[in-house]
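Worksheet: one structure, shown below.
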Amino acid sequence: MKISTTERLLTIMTLAVIGSIAAIIGWTYTEVNVANRQRQQASAIARGLSELRLLTFEYRLYHNERAKVQWYAVSDRVDRLIENAQTSIPTQDQVLARMRERRATVRRFFTELTSAEAGSRADAPLDQSTRLFEAQLLSRMLAEQQDNFADVFRLTDLATDRISDAQQRLLAIVLLGLALIAMIKIGVSWFIHRDVLAPVARLQHAAQQVAAGNWNSTIGIRSHDEIGELSKSFDAMTRSLRESFAKIEHSNHDLAALNEELEAFSYSVSHDLRGPLRSMDGFSLVLIEDYGDKLDEEGKDALQRIRAASQRMGELIDDLLRLSQVTRAELNVTRVDLSAMAREIADAIDREQSGRSVEWAIEPGLSVRADPALMRIAMLNLLQNAWKFTGRTDSPVIRVGALERDAKTVYFVADNGVGFDMAHADRLFGAFQRLHHVGDFPGTGVGLAIVQRIIRRHDGEIWAEAKEGEGATFFFNVKESGDGSHEQNNPAG
């Protein structure tokens, strides 16, 4: 028999025992609750009967109307309690039936008592016969009420007996169930030792032999259960591993050669891109130095801009090349002053784009453990993105800050620009993906993809929240050790 089949049978037996115990517990709980409610109902009836007795004596002594009205009100309440009382056995029905009959008799006696008192009241004392009649009625009422008290106590005893019986039955069932579970546990332990633990020990020994390099090791278990199938699979695995390791070694050689080709390609691309940039920078410098006296200030400024742009392009090429190698190279992680970095980038953007006025709200004291070069590329892309998409805003504001979310420091770059539809947020970080027309906002659509790759390289996350016409906020965090000090802020502020 397979281990899974045996396990299912044992599980079904155990669940059946547990289910039976649970059902008995549920039934006992219901029985106890019903009995407790019956006991509470009996107590309420007893309290009502006690009130009726006191009101009967009060009316007999003072013959006042208040006692009479209260007596009838309490009597009605007691009658309702008796009528609505729950029963579970015929004995309770019989007791309640007797109580209803006595209650009707007591009510009739009290009516006769009040009628006799009303008929003889004419500001004259009661005569001897009337007093005797009232005494007899009162005596009979008290006798009936006492019998009702006895029946109430009988109902209470029946409810208590019911609780006791239910508890005794529950104890017996639980003890029996525990005994069955103990027997099942003993059987399971024996089965596990014989059919699981012993074969697994042999499997462990064979695995150690394979780990030591003995690929010819076999288990030799021929049972028809899962352990036997595992033994056959293990032997087949060792044969397959011998073949796979040979293929892996060959693939490693091919991969090493491919990495060398990729490094050579990256160097070639870098060299081919830097050459034209160096030419632009060099020839611009020649024009400034040799023909500067023939150029007006605007021409000189244009040449300076060409030089600055070519130099920045060279730096960007270096960063992009480093980014392409980030999955293979070790990160140079250190403490980065994110506030100073953001301010430096913001100042550079303002100098390059002097025709616009943007309010930069950069929270001081932000720091993060990250690769400085890669983090600069990420922040540059995020801030340039915010600057670009606030181009049509009357009073553009770009905010850089941090907040605590789920016990993590989350940094953000927020703007009040055009925003975007969150329905397309899944396309936001894809390479060459754009959410706006290139004629409205120029760009290649690579910047956010670069940012996402950098953040992921730091074991972090990046996401965005936005609303069309109200701006966008980009959040990111990185996995870092050490404490970065910052002042919490709200990006919506």
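With all protein chains in place and ligands, DNA and RNA left out, the 1.4 Å accessible area ranks 458, 250 as 250, 458, largest first. Per-residue SASA remark: residue 105, around 30 Å² accessible (1.4 Å probe; ligands, DNA and RNA not included).
If each of residue 247 and residue 115 carries a label point 7 Å out from its Cα toward its Cβ, how far apart are those two points in nm? Each label point lies 7 Å from its Cα, and together they span 10.9 nm.
Ligands, DNA and RNA left out, the 1.4 Å accessible surface of the stretch 7-163 is 58% carbon and sulfur atoms.
First measure r as the distance between the Cβ atoms of residue 305 and residue 229, then evaluate 1/(1 + (r/R0)^6) with R0 = 51 Å and state the FRET efficiency to the nearest 0.05. Please report the intermediate quantities before stating the final value.
Details: r = 74 Å, r/R0 = 1.45.
Using R0 = 51 Å, I get an efficiency of 0.10.
What FRET efficiency comes out for the pair residue 461/residue 423, r = Cβ-Cβ distance, R0 = 25 Å, nearest 0.05? It would help to have the intermediate numbers written out before the result.
Numbers: r = 21 Å, r/R0 = 0.82.
Once rounded, the FRET efficiency stands at 0.75.
Under 5 Å between amide hydrogens, built in the peptide plane, is the criterion, and for residue 417 it picks out 471, 472 among residues at least 5 positions away or on other chains. Just in the stretch 48-122: which trypsin sites (Lys or Arg not before Pro) are loop by DSSP and have at most 15 other Cβ atoms within 10 Å? Here the trypsin sites (Lys or Arg not before Pro) that fit, given the DSSP loop and packing criteria, are 121. Taking 23 Å as the straight-line reach from the Cα of residue 388, the lysines in range (excluding those fewer than 8 positions away in the same chain) are 467. Per-residue extension of 0.36 nm, minus the Cα-Cα distance of residue 479 and residue 58, leaves a gain of 143.2 nm for this segment. How much solvent-accessible surface does residue 13 expose, in Å² to the nearest 10, with a 1.4 Å probe and all protein chains in place? Looks like 100 Å² after rounding.
Let me check something: with ligands and nucleic acids excluded, how do 24, 186, 454 order by accessible area (1.4 Å probe), largest to smallest? Write out the running numbers ahead of the final one.
Details: 24 50, 186 120, 454 0 Å².
Heavy-atom accessible area, descending, gives 186, 24, 454.
Along its three principal directions, the equivalent ellipsoid of the stretch 330-387 from the Cα gyration tensor extends over semi-axes of 23, 12, 8 Å, largest first. Potential lengthening of the chain between residue 147 and residue 188 amounts to 8.6 nm, from the contour at 0.36 nm per residue minus the alpha-carbon distance. Annotation for the stretch 340-394: trypsin sites (Lys or Arg not before Pro) lying in DSSP loop with at most 16 further Cβ atoms inside 10 Å of their Cβ are 356, 392. Remark: relative contact order (the stretch 12-87) = 34 percent; criterion is Cα-Cα distance under 8 angstrom and separation of 6 or more residues. Solvent-accessible area of residue 280, all protein chains in place: 90 Å² (probe radius 1.4 Å, heavy atoms, ligands and nucleic acids excluded). On the beta carbon distance between residue 236 and residue 7, with R0 = 35 Å, the FRET formula returns roughly 0.90.
Here the simple spin-label model places points 7 Å from the Cα toward Cβ, and for residue 169 and residue 202 these points are separated by 5.2 nm.
Largest accessible area first, the listed residues 69, 333, 95, 174 line up as 69, 333, 174, 95 when surface is computed with a 1.4 Å probe on the assembled protein chains.
The values are calculated or read from the model by the stated rules, or taken from the named source; none is laboratory data. This is a predicted model, so every value here is computed, not measured. When we count neighbours, we look across all protein chains shown, and the Cβ atoms used for this are built from the backbone with ideal geometry, even at glycine. Ligands, DNA and RNA are stripped out before the accessible areas are found, and what is left, the full protein with its side chains, is counted by its heavy atoms. Shrake-Rupley method; radii C 1.70, N 1.55, O 1.52, S 1.80 Å.
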